[in-house]
Amino acid sequence: MNMNIRGVATHRGSWTRASERVGTVALHHPLRTLSQMLIFAFAIYFTLTSLAAESGGYEGPKWSFLDTTQIVAAAGEITTAKYPDCDEALVDKKMVRVYRPDGTGEAQDETFTKVLTEKGKRGNRDLSLFFMLPYFDLEVVKLEIIKPAGNVVAVDVAANSKEMIDDSQMAMNIYDPNSKILKVNIPGVEPGDIVHSIVRTTTHRPVIPGEYSDENVFEDTGLIRHLTYDVYEPGEKPLKRVVVRDEIAGTLKHTSEKLADNVTLQHWEVTNVPRMFPEPSMPSDILVLQRLLVSTTPDWQTISKWYYGVCRPHLDTITPEMKKTVTDLTAGSKTDLERIKAVFYHVAQKIRYMGLTPEKDRPGFEPHDVRLTFENKYGVCRDKAALLVSLLEAAGFTTYPVLVNVGTKRDKDVPSPDFNHAIVSVELKKGEYLLLDPTAENTKDLLPSYECDQSYLVCRPEGETILTSPIIPPEENMLTVKTTGTLDTGGNLQASSTIAFGGINDNEYREAFSRMKPDDKRRFFERTPKRTMPGARIKSLKVLPEDVMDVSQALRAELEFSVSGMTAVGSGKAVVSLPWISKGMGIVNFVLEGTGLEKRKYPLRTEIACGVSEVISLKLGEGYTGSVSIPDYSPIQDESIGYLRRADLKDNNLTCNSEFKLKTVELTTSQYL
């Protein structure tokens with residue numbers, strides 16, 4: 001699914017990210033390249049002022065603007081000498097939220113950000129502005145630069161902007177004309193300037209009728225000097241959940257005040273929050289930084305029942321042809337799991353992941369009729385999930401659509417519809433769910449490992465609570481290498497290796513190989529032995545199965561190679577270099593890229609439990625009479641990591657074993673040390 005709905009998305013702390021705001025959903029196929037990260041720019045959405053005026057007013061004291069003179073004076077106290085680690089600072093911000101019992105409402109954010117360094121300048125000289133119709137529109141009331149001398153330079157948004165359809169969706173084979181970006185340049189920003197903006201977001205249609213929720217991170221990579229956050233809560237629809245997480249002592253205060261017309265003002269004031277320092281592979285900000293979450297939704301069951309109701313009419317459009325397809329697919333199956341797999345692989349491989357037609361009622365959530373997806377043979381994740389649900393129901397299984405949030409767990413105490421992916425569950429036993437994701441066309445596993453330890457919500461008519469997908473053990477995600485060969489006294493090695501790709505390695509490498517030409521595959525494997533043996537030459541190569549789309553067979557590679565110079569000889573002795581093939585291969589090498597720090601403040605997210613195992617067996621030629629020394633490796637075994645390496649020489653056969661397992665998907669700060 002592909003969607004970004006709602007208001008303001010900016011830099012790390014004081015403005016929440018686009019996919020983590022009230023009513024925001026980025027429903028799309030998750031990026032599976034493990035080194036990729038979602039980077040959210042300092043952004044505001046923009047649309048015509050006249051549209052914002054249609055759904056409510058911005059009149060009265062609550063919408064008054066801050067005193068610019070006082071804030072400029074306060075900004076004068078924020079300098080690089082006083083805050084040498086900050087590139088920018090939030091001088092002041094006023095956030096106002098007004099919602100009505102039906103879930104519609106208005107929001108206004110007024111922000112003063114002081115630019116302190118050249119890096120801060122680069123982060124504030126342009127905006128990427130995302131918006132999604134028809135849920136929300138937005139009015140930029142003011143955008144200006146306040147210079148150190150006090151003169152104000154207004155930014156002409158229209159003259160410095162270009163509106164376009166969000167082309168990032170094209171990489172996922174989706175075209176949705178309602179998903180748009182307005183790119184704006186802010187010319188003339190220099191260190192010492194203050195960027196002042198006032199943005200109004202009008203909610204014309206909530207994602208869930210009659211519900212409101214919001215999430216805000218009150219911690220940033222720069223100082224937060226002062227910020228207020230006001231929610232005007234109607235008595236007919238009060239906030240049911242209000243949670244503060246990872247509070248920084250002395251920086252956050254809350255008051256509540258009864259107002260006229262049965263409205264309560266919930267007021268939070270944030271002061272003097274020191275900057276935080278991002279760390280590689282740390283969890284999402286919304287999981288580890290100071291944050292406030294509010295929601296009118298009483299429980300997750302409410303969202304579960306709502307989404308089931310959204311999907312049910314589309315699930316019921318199954319046709320006789322579709323039912324016959326199910327019968328044909330499952331004809332030779334002997335077990336329930338075989339029947340499920342037969343239908344699953346059909347949807348995964350025969351229904352292309354692609355979206356062209358925008359929905360009318362609940363864009364970003366609502367699937368198309370399953371009949372349409374079946375006939376067109378394409379759809380985005382929610383379409384493929386809905387089709388699989390309908391077909392498995394026809395096969396006699398109790399099946400439900402599932403909302404998943406890949407990348408960031410949802411807070412179990414604050415229900416909201418902020419999910420970014422849709423998959424399927426089969427209830428084999430009461431309350432026991434088998435999860436399936438038919439999105440990827442080349443997947444072998446029913447649920448790819450990158451979706452483990454993620455929040456998911458089974459959507460059923462009676463409702464369900466939020467759950468967490470199970471962690472797949474590393475034994476199921478291993479890259480396994482077996483090498484046999486002969487080594488003569490001249491240091492010449494003749495060897496063959498078999499590389500077996502298990503679990504997540506199968507998913508990732510199969511996907512990559514499916515897009516490679518034969519010459520590209522050969523070049524890839526030519527590089528593999530050269531990482532440890534620079535002179536290695538590939539004599540033969542097989543990547544099996546020949547049709548890598550045949551997921552009934554495990555993915556493996558068989559290669560034969562030769563290399564000279566594997567020994568360093570002197571004084572009748574030889575130092576033997578071992579032909580370790582797995583160096584640089586396997587997903588485990590990528591998920592540990594964030595391990596460069598000596599110590600950490602935040603956990604290290606590895607996302608996947610996985611590993612690599614390698615066995616080398618070499619027959620030594622005549623002239624080798626025994627060992628002078630063999631390295632002794634110290635094993636490591638704890639709750640997070642397992643490491644073992646050993647070597648042995650017997651009857652002129654040199655055998656070496658190496659195994660590394662990452663047992664967890666997140667290393668705590670103590671485990672990291």
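When each of the peptides 603-609, 661-667, 160-166 is scored by the mean number of other C-beta atoms lying within 10 Å of its residues, the order from highest to lowest reads 603-609, 661-667, 160-166. Inter-label distance, Asp651 to Val615: 1.6 nm, where each label sits 7 Å from its Cα along the C-beta direction. Axis of helix 320-329 versus longest Cα principal axis of the chain: the two differ by about 30°, to the nearest ten degrees. Helix 300-315 and the longest principal axis of the C-alpha atoms of the chain enclose an angle of approximately 80°. Only Cα pairs under 8 Å and 6+ residues apart enter the sum, and on that basis the relative contact order of region 261-413 stands at 27 percent. Averaging the sequence gap over all C-alpha pairs within less than 8 Å and six or more residues apart, then dividing by the number of residues, gives region 619-664 a relative contact order of 36 percent. Summing charges over neighbours of Pro534, with a neighbour being any other residue whose Cβ is under 14 Å away from its Cβ, gives +4 when K and R count +1 and D and E count -1. Relative to the dominant Cα principal axis of the chain, helix 504-514 is inclined by about 90°. Charge dipole of region 387-542 (Cα centre as origin; +1 on each Lys and Arg Cβ, -1 on each Asp and Glu Cβ, all else neutral): 1100 debye, rounded to the nearest 20.
The 3J(HN,Hα) values that the Karplus relation (6.51, -1.76, 1.60; θ = phi - 60°) gives for region 135-148 are, in residue order, 5, 9, 9, 8, 10, 8, 6, 7, 8, 8, 10, 9, 7, x Hz. Gly and Pro appear as x. The gain in end-to-end length when the Asp299 to Lys82 segment is fully stretched comes to 73.6 nm, 0.36 nm per residue minus the alpha carbon separation. Here region 285-299 is scanned for amide nitrogen atoms under 17 Å from the site 7 Å beyond the Cα of Glu666 along Cα-to-Cβ, giving 285-293. Take 336-348, 191-203 and order them by the average number of nearby Cβ atoms within 10 Å per residue, most first; the result is 191-203, 336-348.
Taking a Cβ cut-off of under 12 Å around Lys121, the surrounding Lys, Arg, Asp and Glu residues balance to a net charge of -2, with basic ones at +1 and acidic ones at -1. Taking Cβ atoms as reference points and 14 Å as the exclusive limit, the residues near Arg352 contribute a net charge of 0, counting Lys and Arg as +1 and Asp and Glu as -1. Taking only protein heavy atoms and a 1.4 Å probe, the accessible area of the chain is 50% carbon and sulfur.
Shown in residue order for region 387-399 are the 3J(HN,Hα) couplings computed by the Karplus curve 6.51 cos²θ - 1.76 cosθ + 1.60 at θ = phi - 60°: 4, 5, 4, 5, 5, 5, 4, 5, 7, x, 9, 7, 9 Hz (x for Gly and Pro). With a simple spin-label model that places each label point 7 Å from the Cα along the Cα-to-Cβ direction, the separation between Asp547 and Arg122 comes to 4.9 nm. Under 23 Å of direct C-alpha separation, and excluding same-chain neighbours fewer than eight residues apart, Lys305 reaches these lysines: Lys237, Lys240, Lys360, Lys384, Lys409, Lys412, Lys429, Lys430.
Averaged over its residues, the chain has an accessible area of 42 Å² per residue, based on protein heavy atoms and a 1.4 Å probe. Our estimate of slack between Asn272 and Lys323, defined as 0.36 nm per intervening residue step minus the Cα-Cα distance, is 12.1 nm.
Amide H to amide H distances under 5 Å link Arg352 with Tyr378, Gly379, where only residues 5 or more positions off or on other chains count and H is placed in the peptide plane.
Within 10 Å of each candidate Cβ there may be at most 15 other Cβ atoms; applying that plus a DSSP loop requirement, which GluC sites (Glu not before Pro) in region 445-528 survive?
Numbers: sites: Glu451, Glu462, Glu464, Glu475, Glu476, Glu508, Glu511, Glu526; in loops: Glu462, Glu464.
The qualifying sites are Glu462.
I'd like the distance separating the alpha-carbon centroids of region 597-666 and region 435-506, in whole Å. Cα centroid of region 597-666 versus Cα centroid of region 435-506: 20 Å apart.
Please list 85-96, 301-312 highest first by mean number of surrounding beta-carbon atoms within 10 Å per residue. Mind showing how you got there, number by number?
Working: 85-96: 22.0, 301-312: 20.0.
So the peptides 85-96, 301-312, ranked by packing, come out 85-96, 301-312.
Distance between the pseudo-spin-label points of Leu597 and Val575 (7 Å out from Cα toward the beta carbon): 3.7 nm. The lysines whose alpha-carbon is closer than 24 Å to the alpha-carbon of Lys542, local same-chain residues fewer than 8 away aside, are Lys444, Lys482, Lys517, Lys521, Lys530, Lys583, Lys619. Calculate the FRET efficiency for Gln494 and Ala154 from the Cβ-Cβ distance with a Förster distance of 60 Å, rounded to the nearest 0.05. Taking R0 as 60 Å, the efficiency between Gln494 and Ala154 is 0.20.
If you place +1 on the Cβ of every Lys and Arg and -1 on the Cβ of every Asp and Glu, how big does the dipole about the Cα centre of the chain come out, in debye to the nearest 20? The partial results should precede the final answer.
On the way: 80 positive and 91 negative charges, 288 e Å.
Using Cβ point charges on Lys, Arg, Asp and Glu, the chain gives about 1380 debye.
Across region 435-502, the mean sequence separation of Cα contacts (distance under 8 Å, 6 or more residues apart), normalised by length, yields a relative contact order of 22 percent. Length gained on full extension, Glu247 to Ser627: 130.8 nm, using 0.36 nm per residue less the C-alpha separation.
Between the listed residues His368, Tyr135, Val96, the Cα displaced farthest toward the positive end of the dipole of the chain, a dipole computed from Cβ unit charges relative to the Cα centre, is found at His368.
The values are calculated or read from the model by the stated rules, or taken from the named source; none is laboratory data. Owing to the predicted nature of the structure, the values given are computational and were not obtained by experimental measurement. For neighbour counting, all protein chains shown are included, and Cβ atoms are generated from backbone atoms with ideal geometry for every residue, glycine included. Only protein heavy atoms, including side chains, enter the accessible area calculation; ligands, DNA and RNA are left aside. Shrake-Rupley method; radii C 1.70, N 1.55, O 1.52, S 1.80 Å.
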